[in-house]
Structures are given as structure tokens and as C-alpha cells.
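Accompanying notes for the structure given below.
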Amino acid sequence: MRKNFGAKPILYPQPVFIIATYNVDGTPNAMNAAWGGISEEDQITMCISADHCTTKNVLARKAFTVSMATADYVAECDYLGIVSGNETPDKVARCGFHTSKSEFVDAPLIDELPMAVECELISYDPESCCMIGRVVNVCAEEAVLTDGKIDPVKLRPITFDGMNHTYLTLGEKVGDAFADGAKIK
């Protein structure tokens, strides 16, 4: 017999995306987001509300990067989801991350996260919170490549388990959502 949970945002797996932008003053900003994915061959769709600092930055710069959160940086990636850029504009630096400017879009790449999708804004609908970006480039550090291709075993991306508020990688629990990042506060 099945148990019904009602209408909830639960789906497996839910990748943990780190969306990075530049603030108005040029400092890097990033947020943790789990509601998104590839929606066309060259498009990524993210669901983020209009009140996020990241959303405002994307609308101003028309660009963003999306890095895969990894098991090696669970606490830092969780921190980016529990601390608001509206209140803590230097949260990327506070969690110990460093950035480099993308060669392709006006947005930062997070040096510690070895894979990213570099995007230009196509559209944003504040009513549905749906942001669509055109994928301009996908980049990855050589350390996570095998035979010139991204190797998920080396990358160790994490997924969000919304039912239990945990992060998982290949079936293994690596952290507690909304808690591990609090250690950095």
C-alpha cells in the first residue's frame, strides 16, 4: 500500500545547484537552489523567487553560472542556502569560497566547485519564479575528468532529499540540510 504525502516539492534526485552572480558592487554572490534542471538542449530552468539577491543580480547582469554542489563542500553549499545575500552580501567569502570571472558570461565561477554551467538570461517570470537561461558553456576542472569527460564519481555531486532534509551522493548521506552551514555562521 502506498502512503500519500500530498502536494510537496519532492522528487528524486534533486540536484543541488549553486547559482552565482555579481552583486551591484561587483562582489560575488551565490545561492543554493534545488528546483531546476535542463529544459531544452541549450537551456536551464531554475525556480527562484524575486526577493532573492541572486535574482535581482541576474536581472541586472543578464547572466549567471550554475555549479554542481559537491560532497567535499556540503557545509559551504548549505550555508549559501541558509544565509541571504540581501543581509550578508559577502557570504561567498565568508564561507571560504573563491571565484574567477567566467570567460563567457558576466558572472563568477566558484573555484572550489569543479563543474559549472555558464548561462545568459533568456527570461524571468516573477509570478511563477521561473528563470530560463541559455547555456553558453559547460566547464569542469581536469581533476574531475576521465578520458576527457566529466566523471560523476570524481565530481561527487550531491542531491537534496527534501523529505528528510539531507544531502546525498550516490546513495550515501553527506550532510544535514539547513544545519551543516550553520557551523560557518
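Looking at (1) 33, 19, 16; (2) 23, 20, 18; (3) 30, 20, 15, which value of semi-axes √(5λ) of the Cα gyration tensor in Å comes from a calculation on the structure shown?
So the calculated entry is the one marked (2).
Need one number for region 94-185: average projected area of the convex hull over its C-alpha atoms, nm².
8.2 nm²
Looking at region 33-95, which GluC sites (Glu not before Pro) are in a loop (DSSP not H, G, I, E or B) and have at most 13 other Cβ atoms within 10 Å?
Passing sites in region 33-95 are GLU41, GLU87.
Per residue, how much accessible area does region 123-180 show when a 1.4 Å probe rolls over the protein heavy atoms, in square angstrom?
59 Å²
Can you tell me the relative contact order of the chain? Whole percent, Cα pairs under 8 Å, sequence separation 6 or more.
Value for the chain: 25 percent.
Can you tally the lysine pairs in region 44-156 where the Cα-Cα distance is under 27 Å and the two residues are eight or more apart, or on different chains?
Within region 44-156, the lysine pair count is 8.
Count the net charge of all other residues whose Cβ sits under 15 Å from the Cβ of HIS98, scoring Lys and Arg as +1 and Asp and Glu as -1.
-3
Could you tell me what percent of the accessible area of the chain is made up of carbon and sulfur, with a 1.4 Å probe and every protein chain present? Show your work: numbers first, answer last.
On the way: 5170 of 9790 Å².
Answer for the chain: carbon and sulfur cover 53 percent of the accessible area.
If I build a Gaussian network model for the chain, linking alpha-carbon pairs within less than 10 angstrom, which residue out of ILE19, ILE122, ILE48 has the largest mean-square fluctuation?
Greatest mean-square fluctuation among the candidates belongs to ILE122.
Which loop-located trypsin sites (Lys or Arg not before Pro) does region 11-97 contain, where loop means any DSSP state but H, G, I, E or B and the Cβ has at most 10 other Cβ atoms within 10 Å? Before the final figure, lay out each step's value.
Numbers: sites: LYS56, ARG61, LYS62, LYS91, ARG94; in loops: LYS62.
Answer by residue number: there is no such site.
Run the dipole for region 8-95 about the Cα centre, Lys and Arg Cβ at +1, Asp and Glu Cβ at -1, nothing else charged, and hand back the magnitude in debye, nearest 20.
Approximately 180 debye in magnitude.
Just in region 118-169: which GluC sites (Glu not before Pro) are loop by DSSP and have at most 16 other Cβ atoms within 10 Å?
Values: sites: GLU118, GLU120, GLU127, GLU141, GLU142; in loops: GLU127, GLU141.
Loop-located and lightly packed - GLU127, GLU141.
Rolling a 1.4 Å sphere over the protein heavy atoms, what is the accessible area per residue of region 1-67, to the nearest Å²?
55 Å²
The values are calculated or read from the model by the stated rules, or taken from the named source; none is laboratory data. Since this is a predicted model, take the numbers as computed values, not measurements. Please note: Cβ atoms are built from the backbone with ideal geometry, for glycine as well, and neighbour counts cover all protein chains shown. The area values use the complete protein model at the heavy-atom level, side chains included, leaving out ligands, DNA and RNA. Shrake-Rupley method; radii C 1.70, N 1.55, O 1.52, S 1.80 Å.
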